[in-house]
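Some notes on the structure that comes next.
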Amino acid sequence: MENKYEVSTFILRLVLGISFFIHGAAKFQGGIENTAGWFASIGLPGFLAYGVAFIEVAGGIALVLGLGTRVVSGLFVLIMAGAIIKVKLAAGFLGNGQMAGYELELAFLAMAVSLAITGSKAYAMDSFVFKGEKAGKAHSAH
């Protein structure tokens, strides 16, 4: 491990990846059609539920593996911003007794923003997958 910075981004990447994977899997296990119906009931296109659930599952796996961390995190930022604005904002930070507040979504949003900005190299598949490609680019630049 290179340094404390890499350890911290690795921890963020793992926790965020696992959390999104579980949330996405729950959408499929609970019946993705139900989630699509709920999306429609709040004024969003129902098909969006399939995209969100897929991004959460595939993106969660990608983060755990360290594949495309910045891109996946950027998608998670969009999903969390949408969830806060469209669903949770009206309930307040801690909720309103009927619905949970947006504190969890805000924490996920902050984690995703951090990873989108910094990336995460520790134990990341990107380091192996793109190692030769980067070396080739650096070599051809001479």
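Nothing in this text is a laboratory measurement; each read-out follows from the coordinates by a stated rule. Computed from a predicted structure; not experimentally measured. Every residue, glycine as well, gets a Cβ built from its backbone with ideal geometry; the counts of neighbours run over all protein chains shown.
Listed highest first by mean packing, meaning other Cβ atoms within 10 Å per residue, what order do 117-126, 89-98 come in? Provide the component values of the computation, followed by the final result.
Working: 117-126: 17.1, 89-98: 10.8.
The peptides rank, most packed first, as 117-126, 89-98.
Taking the Cα centroid of the range 1-53 and of the range 85-133, what is the distance between the two, rounded to the nearest whole Å?
Cα centroid of the range 1-53 versus Cα centroid of the range 85-133: 9 Å apart.
I'd like the Kirkwood hydrodynamic radius of the range 4-133, using the inverse of the mean 1/r over distinct C-alpha pairs, in Å. Walk me through the numbers before you get to the answer.
Working: mean 1/r = 0.0656 Å⁻¹.
Kirkwood hydrodynamic radius for the range 4-133: 15.3 Å.
Helix-only estimate, please: 222 nm mean residue ellipticity of the chain, summing -39500 (n - 2.57) across DSSP H runs of length 4 or more and dividing by its residues, to the nearest 500.
Details: 7 runs with 101 residues, N = 142.
Helix contribution divided over all residues of the chain: -23000 deg cm²/dmol.
If one takes the longest principal axis of the Cα atoms in the chain, at what angle in degrees, from 0 to 90 and to the nearest 10, does the Cα axis of helix 69-83 lie?
Relative to the chain, helix 69-83 is tipped by roughly 10 degrees.
With r as the distance between the Cβ atoms of Phe128 and Glu103 and R0 = 35 Å, compute the FRET efficiency 1/(1 + (r/R0)^6) and round to 0.05.
Numbers: r = 36 Å, r/R0 = 1.03.
With R0 = 35 Å, the Cβ-Cβ based efficiency is 0.45.
May I ask you to list the lysines whose Cα is less than 19 Å away from that of Lys131, ignoring any residue fewer than eight positions away on the same chain?
Once the sequence-local lysines are set aside, what remains near Lys131 is Lys121.
Go ahead and set up a Gaussian network model of the chain, Cα springs under 10 Å, then flag whichever of Val113, Val129, Val87 fluctuates most.
Val129
Tilt of helix 47-65 relative to the longest C-alpha principal axis of the chain, in degrees (0 to 90, nearest 10)?
40
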